[in-house]
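Report on one structure; see the data block that follows.
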Amino acid sequence: MMSGCARGRSSFGWLPALPIPSRRRPGSGARTPWLRAPGLAALSLALPLLVAGTAAAASLEDISTLERLVNAAGVVTLVADNCPPRHAGFYERDAAGQHRLVLCRNGVDLGDVEAVWEVMAHEATHIMQACRGGSVIADDSMPRTIRELRTMAPHCAKLIDRSYARADQRLEAEAFWMELQTPGQVISLFRQLCGSAGVGR
């Protein structure tokens, strides 16, 4: 579950009106963790020094808000030093059932608020999918989602086609598309889908 692909923002503004599918599907399997560092708290303290004065669509407050929501949903947030190549972050459930959102220090510039936000938004989408038990975007809205992804982040669309098994492409398309949305939209949808349910509950 690579993330951090998109750099644009949606101009359509249609996320809040998306119908959420009603069917539930089974969750994800276990992966081997590459975890070495505790949570994003250290990141939250360091970023202001690294990015003071930059104008970004996402903010440290957005990252912090999403992290609190992710933690409240039963997911631990971590920063890892030794992630697999080409990974900016990932969401996993280990063999013991522990859910983790991992931000990869060796795969993303932790001083770039937008890059960190994109990873958080992408991986938070996988958490929303776990809370929901499957897709977070209704079937009839997927063609529009794919069109927007191909228009605004064609490199992401190509990455999905080339790097992911067919069975994973829809879930990844949702996650890469979520990177294009505003922080307010991502946070709102996370609250809607995981606010009371959480993962593994």
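Key figures for this structure:
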{"item": "Sites Asp81 and Ser188 - FRET efficiency at Förster radius 30 Å, r taken between beta-carbons, to 0.05", "result": "0.40"}
{"item": "Cα gyration tensor shape for the range 78-201, rounded if a/c is under 1.5, else prolate or oblate", "result": "rounded"}
{"item": "Burial order of peptide ranges 123-133, 78-88, 60-70 (average beta-carbon count within 10 Å, highest first)", "result": "123-133, 60-70, 78-88"}
{"item": "The range 102-179, relative contact order [Cα under 8 Å, separation at least 6], %", "result": "38 percent"}
{"item": "Where labels lie 7 Å past Cα in the beta-carbon direction, separation of Asn71 and Arg166 in nm", "result": "4.3 nm"}
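Readers should treat all values here as calculations from the given coordinates under stated rules, not as data from a laboratory. A quick note: this is a predicted structure, and the numbers were derived from the prediction, not measured. Note that we place each Cβ from the backbone using ideal geometry, even for glycine, and neighbour counts take in every protein chain shown.
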